[in-house]
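Read through the structure below, which is laid out as structure tokens, and then see the notes.
The values are calculated or read from the model by the stated rules, or taken from the named source; none is laboratory data. All values reported here derive from a predicted model rather than from experimental measurement. Please note: Cβ atoms are built from the backbone with ideal geometry, for glycine as well, and neighbour counts cover all protein chains shown.
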Amino acid sequence: MNKLPTPHHPLRIGTRASPLAMAQAHMAMAALIAGHGLPAEALEIVPMTATGDRIQDRALAEVGGKALWTRELDAALDAGMIDIAVHSLKDVETLRDARFFLGAMLERADPRDRLVVREGLAAATIAELPPGARLGTSSPRRAAQVKRIRPDLDTVLLRGNVATRLAKIAAGDADATLLAAAGLERLGMHDVGTVQEASILLPAASQGAIGIECRADDARAIALLGAVDHAPTHRAVAAERAFLAALGGDCRSPVAAHAFWQDDDALRLDAEIFSEDGAEHAAGHIVVTGLDMPAALARRLLAEAPGSVRALFAP
């Protein structure tokens, strides 16, 4: 069998059908075409609607968590209906089924958040929002961070894809929201919102990273993906995900983690864990010099954290 996909036997790329997910699938396709010199006809994008896209009125933590973003793609991959699946890694469970293999990560985009405010509101940071402003989010991390900075703000549930959330802000459902800078960039929305520095709003683990999975027993797909893997991104994001795994939290647990390469080529991991209202937290950082270092940081933060924070995690 030919090891490379052909127009007659194309590589089927599974993705969610949202505009952002489709943009990311096209990025994965472009990387594979460039990495292997393939004709465009040798790859095929297979979009599908995730359960998480259908539920708009509740926080996903209440109805199944991150698995609602991956369930349909997992089933299609396991059944052989697709060959690889492209994910926003922030939305992928930390502990994955052994049937699947994370074969590649594309080079990470800006992992930070952007603050988007309604028309007529002049605020470039959380600190500049008016007293009692309503900030819409479905993220426990963002809600806790915002409350820690501004306890007077009212955090309200805001769900949907990027366009839906922007429309809700325009309609007055909330005064402001936080969106991933990477997603806005990939949608061509370069001037939407204001970047919030990571020193103020530490990003979510894996934010800005695109992961590509295949079946663990598919040697051909593993080889194809290996050629487009961005190793510095993979190592950094793996450290963040190892930190999450050691914490034992779930999607209801407010946690932030960001690993980045310093000028001396050392990999630094910053992390924070919060109480639900953000009033209490524990924060720290390490230089990752071994595979066990992220777990060591998780244990240290749990030991230092107040009981209200520790109660949200179950290592």
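Tabulated data for the structure shown
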quantity: Region 77-129 - residue that is aliphatic (A, V, I, L, M) and in a helix (DSSP H, G or I) and, of those, nearest to residue 5 (Cα to Cα); calculated: 77
quantity: Test result for residue 91, charged (D, E, K, R), without any contact (Cβ under 8 Å) to a residue 60 or more places away in the chain and in the same structural domain as residue 21 (by TED's automatic domain parsing); calculated: yes
quantity: Region 1-28: number of residues that are surrounded by 21 or more Cβ atoms within 10 Å (Cβ to Cβ) and closer than 15 Å to residue 82 by Cα; calculated: 8
quantity: Matching residues, region 181-215, being in contact (Cβ under 8 Å) with a residue 60 or more places away in the chain, part of a loop (DSSP other than H, G, I, E, B) and out of contact with any helix residue (DSSP H, G or I) (no Cβ under 8 Å at 6 or more places or on another chain); calculated: 197, 198, 203
quantity: Qualifying positions in region 284-295 - surrounded by 14 or more Cβ atoms within 10 Å (Cβ to Cβ) and either touching a residue at least 24 places away in the same chain (Cβ under 8 Å) or assigned by TED's automatic domain parsing to the domain that holds residue 144 (or both); calculated: 288, 293, 294, 295
quantity: Members of region 166-179 that are in contact with a Leu (Cβ under 9 Å, 6 or more places away or on another chain) and either within 26 Å of residue 272 (Cα to Cα) or part of a loop (DSSP other than H, G, I, E, B) (or both); calculated: 173, 174, 175, 176, 177, 178, 179
quantity: Qualifying residue in region 28-49 (condition: at pLDDT 95 or above and closer than 20 Å to residue 184 by Cβ); calculated: yes
quantity: Filter pass, residue 240 being of a type in the set (Asp, Glu) and part of a loop (DSSP other than H, G, I, E, B); calculated: no
quantity: Selection count where residues are among the basic types (Lys, Arg) and within 11 Å of residue 186 (Cα to Cα), scope region 9-27; calculated: 0
quantity: Some residue of region 181-192 being over 19 Å from residue 27 (Cα atoms) and not basic (Lys, Arg); calculated: yes
quantity: Residue 108 of a type in the set (Lys, Arg), surrounded by fewer than 22 Cβ atoms within 10 Å (Cβ to Cβ) and at pLDDT below 95; calculated: no
quantity: Scope region 138-180; condition farther than 17 Å from residue 200 by Cα, hydroxyl-bearing (Ser, Thr, Tyr) and touching a helix residue (DSSP H, G or I) at 6+ places or on another chain (Cβ under 9 Å); matching residues; calculated: 138, 155
quantity: Conditions (1) under 21 Å from residue 226 (Cβ atoms); (2) at pLDDT 95 or above: number failed by residue 22; calculated: (1)
quantity: Yes/no for residue 264 being of a type outside the set (S, T, N, Q), assigned to a loop (DSSP other than H, G, I, E, B) and without any contact (Cβ under 8 Å) to a residue 40 or more places away in the chain; calculated: yes
